[in-house]
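Inspection log for the structure reproduced underneath, given as structure tokens.
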Amino acid sequence: MTHEFKNIVEAGLSASKNGLKSVLASVVALDGSSYRRPGVRMLILENENMIGAVSGGCVEKEILIQSQSVFRTGQSKIMTYDGRYRLGCEGVLYILIEPFEPSETFVSAFTKCLNQRQSFEVLSYFEKKENVNPDYGSFVKIADKLYALNTSKKHFEKPKLSVFKQYMPPCFKLMIVGAEHDAVQLCQYAALTGWEVTIIAGVKEHKSIQDFPKAHALQVTTPETLDVSHIDNQTAVVLMTHNFAYDLRYLVALKDTNPNYIGLLGPSKRRDDLLSQLIEYCPELSDAFLESIHGPAGLNIGSETPQEIAISIVSEILAFTRKQHPLSLNQKTGRIHSKH
């Protein structure tokens with residue numbers, strides 16, 4: 001969700017620079033089931049362009065219509081959308097629609113928060129009924145300070161209203177160690193998923209960030225000089241140098257970090273040899289670090305091409321991060337999504 005919120009903020013700021021007003025629509029409550037859960041958002045621009053989506057498509061058209069009164073009056077509102085007879089999801093959505101006019105103070109704090117990979121929280125105040133109320137609105141909490149997403153909101157406490165709170169971790173990041181053709185494919189699929197992708201290239205590879213469409217950053221380095229200061233539990237690392245010695249040196253460089261996931265290419269024997277030599281070099285490795293290592297990287301979905309292998313790796317990272325055991329949804333009983 002963090003990357004979606006980041007995209008919305010960036011789109012709203014860009015629209016403002018071009019003289020366009022914006023309205024934010026947030027799903028803040030749900031009765032039953034729906035295509036997406038509370039916390040999903042979209043931005044509507046004054047020219048009727050929309051950034052993001054809250055469902056499969058039908059709801060967005062109604063939100064666009066409902067947003068016109070918010071553009072006109074500047075008053076926040078709650079709309080409901082009953083999908084039981086239209087979406088087939090057996091749910092009623094409660095959607096907060098509000099002017100999106102963040103202050104420069106928020107923009108500065110939010111940018112710093114993202115760059116320093118800090119978490120934040122979004123709080124949306126509303127009532128669970130269709131209504132117009134100037135007190136409805138959303139705030140972002142960064143380091144115990146609240147920032148209104150609508151500068152007209154002067155009061156932060158709304159004791160008589162319901163509040164939807166959403167914790168936002170740092171944007172999920174993928175570090176791809178390697179700069180061959182398969183790294184380009186993995187970069188593209190990971191970026192499409194919404195992850196921030198950093199490419200780690202060797203000094204002799206003569207690569208630039210232009211070689212990796214959608215990459216967030218590129219580091220030209222050696223294993224011994226790799227910057228690991230921003231590797232946290234919202235970071236996955238995939239080693240795809242296609243060089244045993246380099247992969248081993250990068251594993252040594254990562255030994256004191258806590259990534260969410262480390263993926264190794266190649267067969268199981270190569271993994272076992274890497275881990276055996278790694279433990280020999282670094283006998284004090286933690287169990288948590290060793291358990292984060294996955295090799296061969298990816299899910300067993302019959303992948304053969306670089307594109308299919310990229311899908312397999314992205315899928316395994318998602319499953320491991322979300323603590324899921326992959327299976328076909330038609331074999332799963334009960335809810336698709338957890339209740340949180």
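The values are calculated or read from the model by the stated rules, or taken from the named source; none is laboratory data. Every value quoted in this text rests on a predicted model; they were computed, and no experiment measured them. Positions of Cβ are generated from backbone atoms using ideal geometry, with glycine treated the same way; all protein chains shown enter the neighbour counts.
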- Task: Would you tally the residues in region 14-42 being surrounded by fewer than 17 Cβ atoms within 10 Å (Cβ to Cβ), part of a helix (DSSP H, G or I) and not polar (S, T, N, Q)?
- Result: 1
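Conditions tested, residue by residue: (1) surrounded by fewer than 22 Cβ atoms within 10 Å (Cβ to Cβ); (2) modelled with pLDDT under 95; (3) of a type in the set (A, V, I, L, M, F, W, C); (4) assigned by TED's automatic domain parsing to the domain that holds F71.
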| position | (1), (2), (3), (4) |
| --- | --- |
| S124 | no, yes, no, yes |
| K145 | yes, yes, no, yes |
| A148 | yes, yes, yes, yes |
| S152 | yes, yes, no, yes |
| P159 | yes, yes, no, yes |
| F164 | yes, yes, yes, yes |
| L192 | yes, yes, yes, no |
| I200 | no, no, yes, no |
| H206 | yes, yes, no, no |
- Task: Under 7 Å between Cβ atoms, at least 6 apart or on separate chains: pull out the pairs that start in region 313-324 with a residue that is closer than 16 Å to I176 by Cβ and end on any residue that is assigned to a helix (DSSP H, G or I) and of a type in the set (V, I, T).
- Result: V314/T193
- Query: Would you pick out the residues in region 84-101 that are within 15 Å of R37 (Cβ to Cβ) and either outside any strand (DSSP E or B) or at pLDDT 95 or above (or both)?
  - Reply: L87, C89, E90, L96
- Task: Within region 172-192, count every residue that is over 19 Å from S292 (Cβ atoms) and touching a residue at least 24 places away in the same chain (Cβ under 8 Å).
- Result: 11
- Look at A109 and say whether it is buried (at least 20 other Cβ atoms within 10 Å of the Cβ), outside any strand (DSSP E or B) and either at pLDDT below 90 or of a type in the set (G, A, S) (or both). no
- Check K207 against each of (1) assigned to a strand (DSSP E or B); (2) free of Cβ contacts under 8 Å to residues at least 40 places away in the same chain and name the one condition it does not meet. (1)
